[in-house]
1. Any chance you could list the semi-axes, whole Å, largest first, of the equivalent ellipsoid that the Cα gyration tensor gives for region 464-517, using √(5λ)?
2. Could you size up the charge dipole of the chain around its Cα centre, putting +1 on the beta carbon of Lys and Arg and -1 on that of Asp and Glu, and report it in debye to the nearest 20?
3. Per q in 0.10, 0.11, 0.20 1/Å, what log10 I(q)/I(0) does a Debye calculation on the alpha-carbon atoms of region 30-155 return?
4. Between Gln61 and Ser47, how many nm apart are label points set 7 Å from Cα along the C-beta direction?
5. Name the lysines eligible as straight-distance cross-link partners of Lys89: C-alpha to C-alpha under 16 Å, and not fewer than 8 places from it in the same chain.
6. Testing the spin-label approximation: label points 7 Å from Cα along Cα→Cβ at Thr261 and Ser327. State their distance in nm.
7. With a Förster radius of 51 Å, plug the Cβ-Cβ distance of Asn108 and Glu565 into 1/(1 + (r/R0)^6) and report the FRET value to the nearest 0.05.
8. Cα extents of region 537-615 along the three principal axes, largest first, in whole Å?
Amino acid sequence: MINRDFFWMTAIFATLCAAIPAWSAEESVAASRFGYDPQDATEALQSAIDSGAKRVVVDRQDSPWILRTIRLRGDLELVLEEGVELLAKKGEFRALGDVLFVARNVENLTIRGEGKGATLRMRKTDYWQEPYQKSEWRHGLSLLSCENVLVENIQIAETGGDGIYLGVSSSDARPCKNVTIRNVDCKGNNRQGISVISVDGLTIEDCVLRETFGTAPEAGIDFEPNRSLEQITNVVMRRVKSMNNAGDGIVFYLPNLSESTHELSFTIEDCVCARNRGRGLGLTVANGKNEKACALDGALKIRNLELLGNRLGLEIRSKWSDGAFLSIDGLTLATPDADREMGRKEYSEEGAPLWNDIDSWTREKDYPGITFIAVGSDVAANGGVKFERAQIIDARDKINPDVPLFKLRDASADGVGFRDITGTLETRATDGKLVSTTPLTPETFARLFPGEAARYVKPVALDATFLTSSKGEELAQAWRDRAVAATPLRLRGSARYYVWLDEGEEGTLYLRQHTIGDYPPQPVEVSSTESDGSRVEFEPKIAVDSALEVKLPKGGKGWRVVDAEFGPSFITLEKSEGIVLTSAAPKADVFGSTGTFEFYVAEASEDLSLRVVGSVAERVTARLFDPDGEEVASLNDVDSLAVWASPLDAEGKPVKPKSGFWRVSFEKPTEGTLEDYIFSIRGAPALVK
């Protein structure tokens, strides 16, 4: 006898099963089965992804898949049939942070094009104009705190930001982990081909990063963490071509890792950076704010790298010698002149922008070789780099065997210098002929860069101990008796002033802000500090139309320190009441100032030094006069680091400088432009008027 209850239960179950879409039980579904609409296919593709099928196939249609933002999930293989085009919908992506594809906190994700590949394309030029607000974040593919991801065999083109962005989710600081990007063509994107913010395990193979232009930095690939808790660890790039970008080919900008405990490690193998408007490869590591700034463990390896015809060659900046060691085994660097002379075609495409066209760069301003730069905030020696099999190719009529295409530039405030830079560089003509061999040794550096080898003079610490000592009062007394008309010194970005006040006396400074170029003025933030450490904060104000009055309250006898921060403009001390001196300690960042400035050398001073830093394009001439008016130094057309120090006597000790008021004058150069330069004074208080 048939159990009627069982019969009806079975029938109901069968009916329910029939009502469930067939694809929910399938491993693979075609996205078009969810209702492809040629005007807007977003719902079809999103529904296919949300169905739970492990494999979603975006099948080729007669027209592109027109999409708004698509949100990806984990445990998904998204397969794009050969020839499929995923196109951003016109008029959409109005929000600054809108992206075409986004994956947040997902694991096990594959995006793969079949056959000859598929294309993700946005509408970059639309986003440059109204009704859109300018943005650099309309990315093609955004991966945030994702793990185990493969992106393969696709082109990502014309995005409003980056082709691919690897960052962290807003709610979770975890890096992306175990990401592979293979056979991907990032073409014509707005900000970067690829941006890497935080990653632990990244492999990029057989990719092309090209024709990036629109919004700075405009690099092929940019590694740039935003916070110290982020990381760049276990990165491998193999057979990557970064070419014809408006910025750098490959750039690592890592100052924000100053307090990171994570390993810094990357390997670059068999890669090419060709004909980029910026640097072929740029590496900036530390920011010098504390002792941890570059003490990042790890290993940095470059093997078989070609830098061809980039406006700037290889630049290594703020890489401290006690940080992760960099080995470069197999480097071929061709200057733009050499690249043009060799006439190589394989790194150009018809109709593509040639950012390094010979008319767009000037050899005198742009350095097409290898440059090491120590910046103003560095507090440790730069270096820790070894070169093997390294050659620089230059045009035959440009080669000077006595001037290799190699430069050291110490623009640090404390003269940190360079160490542990070893190996040999060969210079060759375009026909392969060896012209010169340069051993990278301290002897070579001393010969080529005498400023870097100049004798170190210890700066005078203008701390509370000095300010409250008899030396501090002696300085005040010397200036009390000195009648001098102050020359306005244009200080850029920040300024520090030392103000002497007697018991119960008030002091007043009038600061004027001046904008530079198109930079808008920012409020001037001013604070004062007494020798006991107590501080007074003043209300921030923009001081362009009228001077900012800084009125110091009455207090005890002694020096007050006044600090001003004002962004990308320069400031001048218009007038003051009392003894007010401008600080050049540890350095003064100057914008286009000429004139004569005085500083005081006490009887007890045992040594003295003047350091001036310019650049190839922005130079300055400095002259130094002793208290008798005798010119003791003339530093002409300074284009790097120039140093004068007290001469040594027969016993090798510094000749004691004359006490009194010394003068340093800054003049326009005979070559180049007078704009930004740096100076500092050592051995005496670096306070000028």
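The values are calculated or read from the model by the stated rules, or taken from the named source; none is laboratory data. As the structure is a prediction and not an experimental result, all values here were calculated from the model. When we count neighbours, we look across all protein chains shown, and the Cβ atoms used for this are built from the backbone with ideal geometry, even at glycine. With ligands, DNA and RNA removed, areas are computed over all heavy atoms of the protein, side chains included. Shrake-Rupley method; radii C 1.70, N 1.55, O 1.52, S 1.80 Å.
1. 26, 14, 12
2. 380
3. -0.29, -0.35, -1.17
4. About 1.2 nm separates the two model spin labels.
5. Correct list for Lys89: Lys124.
6. The two pseudo-label positions are separated by 2.8 nm.
7. Here the calculated transfer efficiency is 0.60.
8. Result for region 537-615: principal-axis Cα extents of 41, 41, 20 Å.
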